[in-house]
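The values are calculated or read from the model by the stated rules, or taken from the named source; none is laboratory data. These numbers come from a predicted model, not from an experiment. Neighbour counts run over all protein chains shown; Cβ positions are idealised from the backbone, glycine included.
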Amino acid sequence: MSDPSYEIVIGLEVHVQLQTATKLFCRCSTRFGAPPNTQTCPVCIGLPGSLPVMNRQAFALALKTAVALNCQIPGFTKWDRKQYYYPDLPKGYQISQFDLPMSQHGYLEINDAKGAFAPKRVGILRAHLEEDAGKSMHDELAGKADSRIDLNRTGTPLLEIVSQPDMRSPQEARAYLTELKLLLTYLGVSDCNMQEGSLRVDANINLHVATSQGTVATPIVEVKNMNSFRAVERAMAFEATRQFDVWKDTRIALGAPGGHKTTRGWDEQAQMTRPQRQKEESSDYRYFPDPDLAPVIVTDQQLDAVRADLGELPAALRTRLQTEWGIDAYDADVIVNQGRAFVDYFLALANISGDAKRASNWMQQDVLRVLNERALTIDLFPVSSTSLAQLLKTVQQGELDTSRARDVFNAMAESGDSMPQAMQSLGIQAVHGDELADLCRELLEANPSVVADVQAGKDKAIGALIGQAKRRNPNANPNQVRQLCLELIREQGSAQE
Amino acid sequence: MESMSIHELTATELIQRLESGDLTSVEVVRSFLDRIEQFDEKVQAFLRVESQRALSDAERIDQRRRGGDPVGRLAGLPVAVKDVICTEGQPTTCASRMLQHFTPPYDATVIRRLKQADAILIGKTNMDEFAMGGTTESSTLATTCNPWDLQRVPGGSSGGAAACLAAGMAPLSIGSDTGGSIRQPASFCGVHGLKPTYGLVSRYGLIAFASSLDQIGPLARNAEDLALLLEVLAGHDPSDSTSANLPVPEYSQLVSQPLDGLTLGVVREHFGEGLDSEVQAAVREALRVYESLGATVKDISLPHSRYAIATYYIIACCEASSNLARYDGVHYGYRTDEAAMLADLVAEQRALASRGEATALDDIDSPLVRMYRQTRSEGFGAEVKRRIMLGTYALSHGYYDAYYVKALKVRRLIRNDFDAAFREVDLIAGPVAPTPAYRLGEKTEDPLAMYLGDLYTVSANLAGICALSVPCGLSSDGLPIGLQLQGPPLDEQRLLRAARMYQAVTDWHTRRPEGF
Ligand SMILES: [Zn+2]
């Protein structure tokens, strides 16, 4: 796929629904899934005489996001009308921001812990607020015009985040989206639910092809209808190959006749993009400032307050896990990518158990496995960090081997029991040192040949004793049995000398 | 009290008699309903009269008053409402086919304020379609005549609002003023009309023509009544982001205080070409009256006023083209006959197909686009369409900077002119309109001539300042002439006091058209 004769150039436009209780310019609820047209009022259905009033909470969430995206925030921003006719746009215009967006010139850092690409900054061209349109369901056959419109979504606050065309592979595009979603989730500004339309992605992609005359850009294609990040990655890979084939065929460059921008839709079933009919709208949106809304003034004090309230963001957290807790970059990435609550659980576990590496391993292998199997979030995980820390300590002190501990953990996760309860119901007991020493002495007395083999330098011979030890006491830790037996044999040897 | 004379009383007098028990609200309302019954067939000021509702509301107010319950400022007093202002459960048409059957599910803020003041909404008045025009002739629902001469227009766009007062069919009414739409009909009909400072009165529920220029304001037959109604209408509204958040002065108390050492500015540019000599004489005479009251008259210049008409029509049309986009037949209001439209479409497709014109077939409208086109071309009248097209053009790519952006810059300069002027003078005095009322049909074929009639009024809207019209004379044809007073932003009290001073020593405001 990574044909050396061309470079892929991708820019992404992400629409994020901000998590406000009410719409951007009226007080209707933004709740998803209500019966059609039940969350509407004169303002959001554009009745004559109604007027918009800006939702300050929506602006605050947008500001928080823009600051987290390292954007420049101008002190003055305004609202514009983007005008076009569509049945799901009841006013005949969308209130958006055109030439003075609330933020621009930011960036988001992306990285791949496995090193699939070098860490990089993806530029953010702008992020602006706008109201969502409604939903249309069409049955517009020839000679028939049957459409149904639901205006519940109309007026929902959207933040449109436009990246620079800085991504050079489908993997980078996916990483950008993953990192952006993670950031938005950490900020608590959106639930980023793609199924409910809270996060929508459009991509612009073309190729820079190396030719004997230098680099040539191919026509830009806007790709829509991608319903998951995986779909974005696949659509970009598909488009790159397709565009290169077209280029080889036609040699039409960007801006040349026939080289204008086109729109294609991703077909998930067929795993391919298809040309899309343009909407029945003019490309001249006749933007002009909305006279019904006052411009918004953002002060330095406001920005300071937003910065102070931002909390620890994913990039900083990854670094902290590495420097303060000695976790490697990959593990830190996995933990941080699970979200803030998961990180908090990890930090508590590492703190109480005093063993961050063991905590990290258990979180990634065991806790994540259970969460995935049972489709739970960490908030609903039945084992508290304190309980799990107790289990980890028991393992650390050798009182329980890893495989027995895993049984205990599964029982705890299943029932919500504490560690002692779970061990009791499994009939597992921690074996104390004295008890184990007695057991080992008995075994050595009963197996002089093993002792002789070990003394002859064949440590592996101990293996024969471990099975016997497990039969006598199922809770015996095999590692400890091995260690203890070896020590006892060495003590015997030195006593004989 | 004899019913014939009730309509002669001012609103302030009516309230006194209602309060003293000399009159009941039912008597007052019935008297005005009788007047409407008697005269509105000729004048056609009203698009709808809410007789039953008004009488039952009046009865309720009377009961409350008898029971000693507290009542509002305008308790029991009829008020007429221009049909551009939304009234819950009552059709609000903008005098357009587009909204002929539209009934808003909510009250405009000013309607809520009137209801809180216990005013009786007696009916909705005629206007130019979507408030676009200066004669009320672009109404697609009725032709309103000027009570002073039934062959003449009442002015516009609030023609019904002014005519109903002149004919004694209501004591108070409210209109809207985007470029003179309250002041000019007030002048043509010999009544008082005030355009408040932009932001003083909530626009919530006022069907938008040009959002940055529109203001709702009062019309009345004297300055005191005007002050009283303004006091009820004004005030901050959180539902209107452009509403000023300031306390409302007690206009009704302040109005009777004369102004000492008043300086009136007279705009040189307002006495140029196109001003009717009788209007000029009446305005000059009014200035002499002010001088006799101790005022100083000073010559001033508003150098950018000659660009006001062009600036106004660009901004107003741009905003209108956007504001009226919502009337597309999808969600409410007029929609073309879809069955007929689809039948036409199919017939056209067949005809093209049978002639083998495949490319032409591809160009044919989709049903949706055709529905939009037919709905809008059938639902809007000519003047509305003209302004939508002008505005759409001016906002288009490639023209935006040359028209809209430039107009905004000139608008700023016009405001600066006023700011400079008001550093020298307290108020600016001049004509409202270049001529008295036109004959019906006189200007309908010449929109440019009609636009020029807005010469003296549009600047106040562009600058966002306040202005009013006071009756100051009659032409040789017996037509009323108005004096315009313009004041700095939020200085309505000064305008009202100045109008009251004039009114105290003149009797133009007491003249009534013959036969009414
Ligand atoms: Zn709403």
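Taken over the range A:24-60, residues that are within 12 Å of the ligand (Cβ to nearest atom), more than 14 Å from chain B (Cβ to nearest Cβ) and under 32 Å from the mean Cα position of the chain (by Cα) amount to 3. B:Val405 passes every criterion in (1) surrounded by 15 or more Cβ atoms within 10 Å (Cβ to Cβ); (2) β-branched (Val, Ile, Thr); (3) free of Cβ contacts under 8 Å to residues at least 12 places away in the same chain apart from (1). Across the range A:89-112, what is the number of residues that are surrounded by fewer than 19 Cβ atoms within 10 Å (Cβ to Cβ) and part of a loop (DSSP other than H, G, I, E, B)? So the answer is 5.
In this structure, is B:Ser158 hydroxyl-bearing (Ser, Thr, Tyr), closer than 15 Å to B:Glu383 by Cβ and in the same structural domain as B:Asp240 (by TED's automatic domain parsing)? So B:Ser158 does not fit the description; no. Per this entry, A:Val16 is not counted among residues that are farther than 30 Å from A:Val216 by Cα, within 11 Å of another protein chain (Cβ to nearest Cβ) and touching a Ser or Thr at 6+ places or on another chain (Cβ under 7 Å).
For the range A:135-157, the set of residues classified as at the interface with chain B (Cβ under 10 Å from one of its Cβ atoms), modelled with pLDDT under 95 and within 16 Å of the ligand (Cβ to nearest atom) consists of A:Ile149 only. Take the conditions (1) more than 16 Å from the ligand (Cβ to nearest atom); (2) over 30 Å from A:Ala235 (Cα atoms); A:Ala68 misses just one of them, which is (2). Within the range B:266-289, being over 21 Å from B:Ser459 (Cβ atoms) and within 27 Å of the chain's Cα centre (by Cα) holds for B:Ser277, B:Glu278, B:Ala281, B:Glu285. Failed condition for B:Thr296, given (1) crowded, with 18+ Cβ neighbours inside 10 Å; (2) touching a residue at least 12 places away in the same chain (Cβ under 8 Å), with all others met? Only one criterion in (1) crowded, with 18+ Cβ neighbours inside 10 Å; (2) touching a residue at least 12 places away in the same chain (Cβ under 8 Å) is unmet by B:Thr296, namely (1).
For every residue, the table says whether it meets (1) under 15 Å from A:Leu159 (Cβ atoms); (2) over 30 Å from the mean Cα position of the chain (by Cα).
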residue	(1), (2)
A:Ser190	yes, no
A:Ser198	yes, no
A:Val201	yes, no
A:Val209	no, yes
A:Gln213	no, yes
A:Ala217	no, yes
A:Val221	no, no
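Can A:Ile95 be described as closer than 20 Å to B:Ala208 by Cβ, touching a strand residue (DSSP E or B) at 6+ places or on another chain (Cβ under 8 Å), more than 10 Å from chain B (Cβ to nearest Cβ) and not charged (D, E, K, R)? Yes: the conditions hold for A:Ile95. The residue list A:Ile161, A:Ile149 contains one member that is of a type in the set (Val, Ile, Thr) and under 26 Å from the mean Cα position of the chain (by Cα), which is A:Ile161.
Comparison of B:Ser305, B:Ser322, B:Ser301 shows that the only residue that is touching a Phe, Trp or Tyr at 6+ places or on another chain (Cβ under 9 Å) and away from chain A (no Cβ under 14 Å) is B:Ser305. Taking the range B:104-140 as the range and being surrounded by fewer than 24 Cβ atoms within 10 Å (Cβ to Cβ) and among the hydroxyl-bearing types (Ser, Thr, Tyr) as the test, the residues that pass are B:Tyr106, B:Thr140. Take B:Ser96 and decide whether it is of a type in the set (Ser, Thr, Tyr) and away from chain A (no Cβ under 14 Å). In short, no. B:His236 meets the conditions (1) in a strand (DSSP E or B); (2) within 14 Å of chain A (Cβ to nearest Cβ); (3) farther than 15 Å from B:Cys466 by Cβ in every case but one. The failed one is (1).
Taking the range A:136-220 as the region of interest, the strands (runs of 3 or more DSSP E) fully inside it that hold 3 or more residues being in contact with a Leu (Cβ under 9 Å, 6 or more places away or on another chain) are A:157-163, A:199-211.
Does A:Gln19 fit the bill of being surrounded by 17 or more Cβ atoms within 10 Å (Cβ to Cβ), more than 15 Å from the ligand (Cβ to nearest atom) and in a loop (DSSP other than H, G, I, E, B)? When the stated conditions are applied, A:Gln19 passes them. Give the range A:8-29 a look and list any residue that's in contact with a Cys (Cβ under 7 Å, 6 or more places away or on another chain) and polar (S, T, N, Q), or say none. If the condition is that a residue be in contact with a Cys (Cβ under 7 Å, 6 or more places away or on another chain) and polar (S, T, N, Q), then A:Thr22 is the only one that fits. The set of residues from the range A:61-74 being in contact with a helix residue (DSSP H, G or I) (Cβ under 8 Å, 6 or more places away or on another chain) and either part of a loop (DSSP other than H, G, I, E, B) or within 11 Å of chain B (Cβ to nearest Cβ) (or both) comprises A:Leu69, A:Ile73.
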